[in-house]
């Protein structure tokens, strides 16, 4: 049986290529809402972030998610991401 290749994605802040399981996905749904996708299967445009406090704070400061998702990301999303660290 063939061994599966790891699924790789790029963090929008650090530009580091990591396995998908090591990143968290933030999605802009077709309706224009922004959600944190913990399962990685939500429909919409996604952007990946490393689950590290420094990376999340840098994404908020640089508005990297706003640019990638082409919509204004509310502060509650960043709070939710920081909550996932615990």
What's the ranking of 1-14, 63-76 by average number of surrounding C-beta atoms within 10 Å, highest first? 63-76, 1-14
For the chain, what's the radius of gyration and Dmax over Cα atoms, in angstrom? 13.0, 46
Please identify which residues in the stretch 16-42 have an amide N closer than 18 Å to a label point set 7 Å out from the Cα of residue 76, following the Cα→Cβ vector. 26-38
If you line up the long axis of helix 75-84 against the longest principal axis of the chain, both from Cα atoms, how many degrees apart are they, to the nearest 10? 40
Could you give the length gained on full extension between residue 67 and residue 8, defined as 0.36 nm per residue of separation minus the Cα-Cα distance, in nm? 19.1 nm
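Any read-out appearing in this document is the output of simple, stated calculations on the displayed coordinates, not a laboratory observation. The shown structure was predicted, so the numbers you read here are calculated from the model rather than taken from an experiment. Cβ sites come from the backbone with ideal geometry, for glycine too, and all protein chains shown count toward neighbours.
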